[in-house]
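Structure first, commentary second.
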Amino acid sequence: MTGEEKPEGKVGKLQTLLKSTSTRFSGRLGLPTRKQSEDGPDLPIARVSEEGMPGRVDGAVEDSAAAGAGTGAAAGGVAGGAGGGAFDGNGSLGAGGLTREQLAAAVAAAAAGGGGGGGLMHQAPIPEHRVRKFHKLLQEPVVDLDALRELSWNGVPMTLRPQVWRLLSGYLPPAKSRQAHTLARRRREYADMVPEYYDIAHEERSEDEVAAYRQVAVDVPRTAPNVPFFHQPIIQESLQRLLYIWGIRHPASGYVQGMNDLVTPFLAVFLSEHLPGPMEGWGAAALDESIMLGVEADCYWCLCKLIEGIQDHYTYAQPGIQRAVFRIKELVRRCEAEVSDHLEAENVDFIQFALRWVNCLLVRELPFCLALRLWDTYLAEGTGFSEFLIYLSAAFLLSWRDRLTRLEFQDLILFLQRLPTADWAEAQLERVLSEAFILRSSYGDAQSHLRQG
């Protein structure tokens, strides 16, 4: 791309937004305006984290010699069905990979948007050149995880999410030759846990295990009330099993309310390999215990990886959440004193609204399709995602800055607990993500102001 050309697609829009947002934030914070990278206008917003993101740009993927992995057992029914038999049905590509026709069909479908068919799993169109980069990475013998993380930060095509999420979670190895064996082994391990921990009489459980079982049983029916499919009996039973087993296997924290929300993005994405079309039209009749056990296993292991970096969010007294809320408060105080001062004057404590944000990773604050998009970035962040959550939460709050400063206590509490995001599209979430990127770019190397308390 030359200096005169305009950046294309979503990445280009985010670059333009970054430039304007950076100038606005820098002026507000008294910081020098950041110059454009010498790498040129192709630099994606994904160059975000010194901790979790690589120091390379989108274009570097083209020259990568070590990349690749499969694209998902069904690739949303598009790539898998276009050429007949490229996928082995185990969540990884067969030896032949994608044919030219399959790749063209998959790229066209992702570029058209709505990989999940619209509604609950709707996705905005993704530029064709980005979709091709995903396929290039995923068809090589060994995936370049650094390149995949950077590319995924800006969103993963819906049809590729199952495979990409497994890779980003560390559930699948980067070497394609090992993926089928690893997937089968991990699924067997989970299947062996079910009779050991779940399919036993209540009399054989300890008091703590009975209490955990009952707590999960209370929470599961409350999961994602706006997603009717999750309330099908076979799905409810699946959620009950995997959440209970997770809690028993992680006694330091056990199951904690809110963890049920963290499973739902994984559940929807891994089920999409078996259920074609829009999520609103999915039916449980197409599922059997064998399918559900495999999906459960994938959700279980990916949930383990997600929570691994935020374990202290769920231990006794939730110290991780308390620290995170304190840091969000301090960050807002530093970069938007007017908002911070107004909340303090109205006696609104951040713990009254931000505790749920951090506990549920903002899932409850967004439409379900945007939670899926948010998971792309969380998983791309890797071990740095808990740190990014601080900046994301602050940016999310400040996206309402103008309204917040006009409200009094009661209206503030009601507003913050029921934010009007039902009509949000990806554009609004991308703006918040870019604001979070600017905050971290400005403050990530200057942590002293975020006192730990």
Task: Answer residue from region 361-374, given it is more than 12 Å from the chain's Cα centre (by Cα) and among the charged types (D, E, K, R) and is least open to solvent (accessible area, probe 1.4 Å) among those - done: Glu365
- [ ] Six or more apart or on different chains, Cβ under 6 Å: which pairs go from a residue in region 213-224 that's over 12 Å from Tyr255 (Cα atoms) to one that's of a type in the set (Val, Ile, Thr) and in a helix (DSSP H, G or I)? Could you list them?
- [x] Ala224/Thr264
TODO: Collect the residues in region 264-290 that are surrounded by fewer than 19 Cβ atoms within 10 Å (Cβ to Cβ) and touching a Gly at 6+ places or on another chain (Cβ under 8 Å), keeping them in residue-number order.
DONE: Pro276, Gly277, Pro278, Glu280, Gly281
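Only one of Ile307, Ile291 is out of contact with any Phe, Trp or Tyr (no Cβ under 8 Å at 6 or more places or on another chain) and more than 20 Å from Phe415 (Cα to Cα). Can you tell me which?
Checking each option against the conditions leaves just Ile291.
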Task: Contacts under 6 angstrom Cβ, first residue in region 253-279 being on the phi > 0 side of the Ramachandran plot, partner polar (S, T, N, Q), 6 or more apart - done: Gly258/Asn359
TODO: Quick one: which residue in Leu355, Leu392, Leu361 is outside any helix (DSSP H, G or I) and modelled with pLDDT of 95 or more?
DONE: Leu361
- [ ] For residues that are farther than 21 Å from Arg241 by Cα and touching a residue at least 24 places away in the same chain (Cβ under 8 Å), scanning just region 170-204, find the one that is farthest from the chain's Cα centre (by Cα).
- [x] Ser177
Open item on the list: Taking the criterion of being open to solvent by 10 Å² or more (accessible area, probe 1.4 Å) and under 12 Å from the mean Cα position of the chain (by Cα), would at least one residue in region 387-397 satisfy it?
Closed with: no
- [ ] Considering each residue of region 313-332, count those that are open to solvent by less than 50 Å² (accessible area, probe 1.4 Å) and assigned to a helix (DSSP H, G or I), and give that number.
- [x] 11
Task: Pair list, Cβ < 7 Å and 6+ apart or interchain, from region 310-326 residues that are farther than 17 Å from Gly247 by Cβ to residues that are surrounded by fewer than 17 Cβ atoms within 10 Å (Cβ to Cβ) and aliphatic (A, V, I, L, M) - done: Val325/Ile351
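Listed here are the residues, each with its yes/no results for (1) buried (at least 17 other Cβ atoms within 10 Å of the Cβ); (2) closer than 19 Å to Ala297 by Cα.
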| residue | (1), (2) |
| --- | --- |
| Leu172 | yes, yes |
| Ser177 | no, no |
| His181 | no, yes |
| Ser206 | no, no |
| Val216 | yes, yes |
| Arg222 | no, no |
| Pro225 | no, no |
| Ile248 | yes, yes |
Task: Single unsatisfied condition, Val358 versus (1) within 30 Å of Pro157 (Cβ to Cβ); (2) surrounded by fewer than 17 Cβ atoms within 10 Å (Cβ to Cβ) - done: (2)
Open item on the list: Any residue at all in region 401-408 that's closer than 17 Å to Ile310 by Cα, touching a helix residue (DSSP H, G or I) at 6+ places or on another chain (Cβ under 7 Å) and either open to solvent by 10 Å² or more (accessible area, probe 1.4 Å) or hydroxyl-bearing (Ser, Thr, Tyr) (or both)?
Closed with: no
- [ ] Just name the residue that is farthest from Cys302 (Cα to Cα) out of those in region 131-170 that are of a type in the set (S, T, N, Q) and open to solvent by 10 Å² or more (accessible area, probe 1.4 Å).
- [x] Gln139
Task: So Gly309, is it open to solvent by 30 Å² or more (accessible area, probe 1.4 Å), within 27 Å of Ile438 (Cβ to Cβ), out of contact with any Lys or Arg (no Cβ under 6 Å at 6 or more places or on another chain) and at pLDDT below 95 - done: yes
Open item on the list: Given (1) more than 14 Å from Val227 (Cα to Cα); (2) surrounded by 19 or more Cβ atoms within 10 Å (Cβ to Cβ); (3) touching a residue at least 60 places away in the same chain (Cβ under 8 Å), identify the lone condition not met by Leu293.
Closed with: (2)
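The values are calculated or read from the model by the stated rules, or taken from the named source; none is laboratory data. Because the structure is a prediction, the values reported are computed rather than measured. When we count neighbours, we look across all protein chains shown, and the Cβ atoms used for this are built from the backbone with ideal geometry, even at glycine. Keep in mind that these areas ignore ligands, DNA and RNA; they rest on the heavy atoms of the full protein, side chains included. Shrake-Rupley method; radii C 1.70, N 1.55, O 1.52, S 1.80 Å.
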